[in-house]
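The values are calculated or read from the model by the stated rules, or taken from the named source; none is laboratory data. Please read all numbers here as calculations on a predicted model, not as lab measurements. All Cβ positions, glycine included, derive from the backbone under ideal geometry; neighbour counts span all protein chains shown.
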Amino acid sequence: MNFSLTDDQSSVLSGLDQLLGQFDEPGVRHAVTHVYSAALAEALAQAGFLDVAREAGFGALDAALLVERVAREPHVVEAGASALIAPILPIDAGVRPIALLSGDLTGVARFLPVASLLVVDRGDHALLLPVDRDKVEPVETLLAYPYGKLAEVDPALGTRFEDVKAIRRRWRVALAAEAAGCMAAALAAVIEHVTARFAFGRPLGSLQAIHHRLAMASETAESTRWLALRAAWSDDPADAAVAAGFAQSRIAQFTYDLHQFSGAMGLTLEFPLHLWTYRLRALASELGGASQQARELAKTVWGEAA
Amino acid sequence: MEFGWTPEEQAHRQRIRALLEETLPSNWEEISVHGPGSDAQTAYSKEFCALLAERGLLVPHWPVEHGGEDAPVWRQFILGEEMWAAGEPRGAQYMNVNWVGPVLMRFGTPEQLDKHLPPVRRGDAIWCQGFSEPSAGSDLAALSTTAAPVEGGYRVTGSKIWTSYAGKADRCFLLARIPPAAGGAAGKAAIVILLTDMRSPGIQVKQIPALVGEGDIHEVFFDDVFVPSEDRLGAEGQAWEIINFALQNERVGIARYEFSRRMLDRAVARLKAQGRWGDAVIQDRAARALMLCEAARMLVYRVVDGKARDLPPDAFASVARWAVVQADNGVNDFMTEFLPDGLLGADPVQQAHHQRAIAAGVASGAAEIQLNLIARRWLGLPGEPARK
C-alpha cells in the first residue's frame with residue numbers, strides 16, 4: 001500500500017501540467033455551456049498522453065491519473081474512453097475521440113459530434129461503429145459536453161466485440177476518474193468564491209453552515225478520487241462498480257451545494273462552475289446511474305439470490 | 001502508487017485470522033456483544049492480550065528499545081482491522097497499544113516509561129481517558145477540573161464524564177487545569193496531563209446507563225485527589241501539544257468500517273436465508289452501504305499511508321473520520337430498515353454494531369468538529385470571526 005506517485009507517474013503528470021498550462025483560459029470567458037477543445041485533444045494525443053496505458057511499464061492507473069487531471073480543466077476533451085477503454089478494444093492506437101452509448105444505436109451520446117468511433121453496449125456484446133461526423137445531429141443541452149445522435153445506424157458496419165463486461169468495467173473507472181477531477185475543480189472554484197465574497201461584513205466562507213457542507217463535499221471528492229484510482233489499479237469489477245456508484249450517488253448533493261454557495265452567480269454562464277457541475281450531472285446518469293452500479297456491485301460481491 | 005498488500009502483509013493477516021479462529025472461545029460472540037467496557041470483555045481482554053504479547057502481536061509496532069520490533073505501521077494497522085472486525089477482543093487495551101504507549105514514549109520520563117510500559121506490553125493494563133467534562137466535551141479546551149499545585153504534586157478536584165472503561169481502569173490519562181489563583185496561565189496553556197492512579201483516595205466512579213453498551217461510559221469524580229508530580233506527563237504548558245499528538249493516533253486507530261463491512265456480509269447472508277435477496281431495492285441499498293465502507297477504507301488507508309511514510313500529520317485524518325461515521329451509520333441504517341428483527345433479539349451482534357454506530361459520530365469528539373477542522377485546515381476556508 002503506497003499512496004504516493006512513482007517517479008514515472010510524477011514525471012507524466014508534470015509534463016501533463018505543462019501542456020495544460022499552455023491551454024489556459026481562452027474560450028472559457030465566453031458565456032457557453034461547454035468548451036470542447038479540439039486543439040487540446042490534439043495536443044494530448046500528439047504528446048502521447050492518451051496512449052499512456054499502452055506504454056510498457058504503464059497501465060490503467062496511469063491513465064486514470066491522467067483522466068482525473070484533465071477533467072479539472074475548464075476545457076472539455078474526450079480522455080476517459082481513449083485512455084482507459086481504447087487499449088482493450090481491437091482497434092488501432094489513435095482512433096479517437098470515442099463516444100460511448102448503452103442500448104439503442106441511435107441514442108444521444110457524449111462526444112458523438114466530434115467522435116471517430118462509437119462504442120455501443122448492446123447488453124451481451126458491444127458494437128464498435130466508425131462515425132461519419134457529417135451524419136451526427138448535434139443535441140442542444142445544458143450538460144457540459146458536446147452531445148449528438150445518429151438518425152440511423154447500420155449495425156452491419158460495426159465490429160462486434162464480445163467482452164462487453166471489460167468495457168463496462170473500464171467505463172466505470174473512467175467515469176469515476178473524470179468525476180473526481182470535475183469535483184476537485186468545482187470545489188476549488190467555490191472555495192475561491194466563498195473566500196472572496198463578503199456578506200454581513202465577513203467572508204461567506206467563514207459561516208459554519210458553509211464550512212460543514214464544503215467539508216462534506218471535500219470528503220465526497222476525496223473518496224471519489226481514491227476509489228477511482230484503486231479501481232484503475234486493480235481493474236476489478238467490484239472496485240469499478242464501487243467507484244462509479246459512489247461518485248454517482250453523491251453528485252446530486254455535491255452539485256446542489258456548490259451551486260447554492262455560489263448564489264445567483266452560480267446560475268450564470270459567466271461563472272465557470274457549470275463547466276464542471278454540468279459534466280458531473282451528465283455523468284450521474286451514465287451506465288444506468290448509481291442504482292445500476294449498486295445492483296451490479298451487489299451481484300458481484302454477494303451473488304444472485306439463493 | 002500501489003493499493004495491494006505485500007505477501008508478508010497477507011501472511012500477517014492470515015496469521016491473525018488463524019489466531020482468532022484458534023483462540024476465541026466458543027461463546028466469544030456472546031462475550032463481545034456486551035462491548036469492550038463490559039465485565040466479561042475486560043476479563044477476557046487480559047487473557048487475550050497476554051496471549052498476543054506472548055506471540056509478539058501486541059506491540060510489534062513499538063520501537064525495539066520499548067519492547068517492540070519496530071514493525072511497519074501497516075502491520076499494526078492490519079492487526080487493528082482484524083481485531084475490530086472480530087469484536088475487539090483486546091477490549092479497552094487497544095487504546096494502550098495504539099496511543100497511550102506511543103504518547104508516553106514520546107513525552108514520558110524514563111521513570112514513567114519503566115512504570116507504565118511493562119504492564120501495557122504484558123497485556124495487563126487498563127487505562128481510561130479523562131478528557132470530557134459536563135461542560136467540555138468536543139470543546140476540550142473549556143475543561144474546568146482543577147489541578148492545584150501543592151508540595152510534591154497536585155490536588156485534583158472536578159469531574160469527568162463519558163469516560164470509557166473507567167470502572168475497570170488502573171490509570172487515567174487525566175487532563176486538568178491549574179487554577180488562575182495558583183498561577184495557572186490563560187486557556188490551553190494551563191492544562192496539565194496527570195497519569196492518575198485510579199485507586200487514589202477521593203476518586204469515585206459511577207457508571208452511566210446508556211444505549212451504547214455495558215460499562216462503556218462513566219462519570220468520574222475527583223475530590224481533592226493527590227497526584228504526585230512524577231505522574232505529570234510533559235511540562236506544564238505542554239499538554240495541548242501532547243493531546244494533539246494523542247488524538248492524531250487515536251482518530252485513525254479504529255478500523256470501524258471493517259466491522260461494518262463484515263456486518264453487511266452477515267446481513268446479506270440473513271436476507272438470503274429469508275429469501276429476500278432477490279429484491280432489487282435491498283441489493284441497491286446494501287451495495288450503497290458497501291460503497292460507504294469502501295470510501296472510508298480508502299481514506300483511512302490514505303492517513304495510515306502518511307504515517308507509514310513518516311509524513312507530517314495533516315487534516316486529512318478529519319476527512320477520513322467523517323467518512324468512517326458515514327459508513328458506520330450507512331450500514332446501521334440499512335440493517336435497521338431491512339432487518340429490524342436484529343434489534344428485537346434475533347441478532348445480538350447486529351445490536352452490538354448498532355450500539356457502536358450510534359456512538360461513532362460522538363466518540364472521540366463530535367464529528368462536526370472534524371468538519372470544522374476540514375474546512376479550516378484542509379480547505380483553507382476563513383475561520384469564524386471571534387465573538388465580541
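Computed values, structure above
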{"read-out": "Test set (1) closer than 23 Å to residue A:51 by Cβ; (2) at pLDDT below 95 - residue A:155 fails condition number", "value": "(1)"}
{"read-out": "Residue check for residue B:321: facing chain A (nearest Cβ under 9 Å) and in contact with a helix residue (DSSP H, G or I) (Cβ under 7 Å, 6 or more places away or on another chain)", "value": "no"}
{"read-out": "Tally, over the stretch B:343-388, of residues that are in contact with a His (Cβ under 7 Å, 6 or more places away or on another chain), within 20 Å of residue B:328 (Cα to Cα) and either at the interface with another protein chain (Cβ under 10 Å from one of its Cβ atoms) or part of a loop (DSSP other than H, G, I, E, B) (or both)", "value": "2"}
{"read-out": "Options B:113, B:143: the member that is in contact with a Lys or Arg (Cβ under 8 Å, 6 or more places away or on another chain) and of a type outside the set (Val, Ile, Thr)", "value": "B:143"}
{"read-out": "Within the stretch A:285-306, considering residues that are closer than 20 Å to residue A:76 by Cβ and in contact with a Lys or Arg (Cβ under 9 Å, 6 or more places away or on another chain), the one surrounded by the most Cβ atoms within 10 Å (Cβ to Cβ)", "value": "A:286"}
{"read-out": "Output for the stretch A:199-222, where each listed residue is over 26 Å from the mean Cα position of the chain (by Cα) and surrounded by 23 or more Cβ atoms within 10 Å (Cβ to Cβ)", "value": "A:205, A:211"}
{"read-out": "Those residues of the stretch B:151-179 which are touching a residue at least 60 places away in the same chain (Cβ under 8 Å) and under 14 Å from residue B:236 (Cα atoms), in sequence order", "value": "B:153, B:154, B:175"}
{"read-out": "Count of the stretch B:83-131 residues which are crowded, with 24+ Cβ neighbours inside 10 Å and among the hydroxyl-bearing types (Ser, Thr, Tyr)", "value": "0"}
{"read-out": "Index of the failed condition, residue A:45 passing every other in (1) touching a Phe, Trp or Tyr at 6+ places or on another chain (Cβ under 7 Å); (2) more than 14 Å from chain B (Cβ to nearest Cβ)", "value": "(1)"}
{"read-out": "Segments classed as helices (runs of 4 or more DSSP H), wholly inside the stretch A:233-306, with at least 3 members that are away from chain B (no Cβ under 11 Å) and modelled with pLDDT of 95 or more", "value": "A:237-261, A:274-283"}
{"read-out": "Any hit, the stretch A:89-106, residues being hydroxyl-bearing (Ser, Thr, Tyr) and outside any helix (DSSP H, G or I)", "value": "yes"}
{"read-out": "Given (1) away from chain A (no Cβ under 12 Å); (2) part of a helix (DSSP H, G or I); (3) without any contact (Cβ under 8 Å) to a residue 12 or more places away in the chain; (4) more than 30 Å from residue B:149 (Cβ to Cβ), number of the condition residue B:312 does not satisfy", "value": "(2)"}
{"read-out": "Residues satisfying the stated conditions in the stretch B:55-79, i.e. acidic (Asp, Glu) and over 29 Å from residue B:4 (Cα atoms)", "value": "B:65"}
{"read-out": "Among the residues listed as A:204, A:214, the single one being more than 24 Å from residue B:303 (Cα to Cα) and in contact with a Gly (Cβ under 9 Å, 6 or more places away or on another chain)", "value": "A:204"}
{"read-out": "The stretch B:256-305: number of residues that are polar (S, T, N, Q) and either facing chain A (nearest Cβ under 7 Å) or in a helix (DSSP H, G or I) (or both)", "value": "2"}
{"read-out": "Qualifying residue in the stretch A:198-214 (condition: in contact (Cβ under 8 Å) with a residue 24 or more places away in the chain, assigned to a helix (DSSP H, G or I) and closer than 24 Å to residue A:58 by Cβ)", "value": "no"}
{"read-out": "Residue in the stretch A:57-72 that is farther than 30 Å from residue B:301 by Cα, of a type in the set (Lys, Arg) and in contact with a helix residue (DSSP H, G or I) (Cβ under 9 Å, 6 or more places away or on another chain) present", "value": "no"}
{"read-out": "Among residues of the stretch B:222-255, those that are part of a loop (DSSP other than H, G, I, E, B) and of a type outside the set (D, E, K, R), counted", "value": "8"}
{"read-out": "Any hit, the stretch B:2-25, residues being away from chain A (no Cβ under 14 Å), small (Gly, Ala, Ser) and not in a helix (DSSP H, G or I)", "value": "no"}
{"read-out": "Selection from the stretch B:327-339 of residues that are in a helix (DSSP H, G or I) and farther than 17 Å from residue B:84 by Cα", "value": "B:330, B:333, B:334, B:335, B:336, B:337, B:338"}
{"read-out": "Residue within the stretch A:184-198 that is within 14 Å of chain B (Cβ to nearest Cβ), of a type in the set (Phe, Trp, Tyr) and surrounded by fewer than 21 Cβ atoms within 10 Å (Cβ to Cβ) present", "value": "yes"}
{"read-out": "Qualifying residue in the stretch B:238-252 (condition: charged (D, E, K, R) and more than 24 Å from residue B:317 (Cα to Cα))", "value": "no"}
{"read-out": "Residues being among the hydroxyl-bearing types (Ser, Thr, Tyr) and surrounded by fewer than 22 Cβ atoms within 10 Å (Cβ to Cβ) - total across the stretch B:147-175", "value": "2"}
{"read-out": "Selected residue (only one of A:148, A:201 is small (Gly, Ala, Ser), within 18 Å of residue A:287 (Cα to Cα) and in contact with a Pro (Cβ under 9 Å, 6 or more places away or on another chain))", "value": "A:148"}
{"read-out": "The stretch B:1-17: number of residues that are among the aliphatic types (A, V, I, L, M) and closer than 30 Å to residue B:215 by Cβ", "value": "1"}
{"read-out": "Residue check for residue A:185: within 23 Å of the chain's Cα centre (by Cα), within 17 Å of residue A:265 (Cβ to Cβ) and not acidic (Asp, Glu)", "value": "yes"}
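Condition check ((1) part of a strand (DSSP E or B); (2) surrounded by 22 or more Cβ atoms within 10 Å (Cβ to Cβ); (3) of a type in the set (Phe, Trp, Tyr)) across all residues:
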residue	(1), (2), (3)
B:189	no, no, no
B:205	yes, no, no
B:210	no, no, no
B:215	no, yes, no
B:220	yes, yes, no
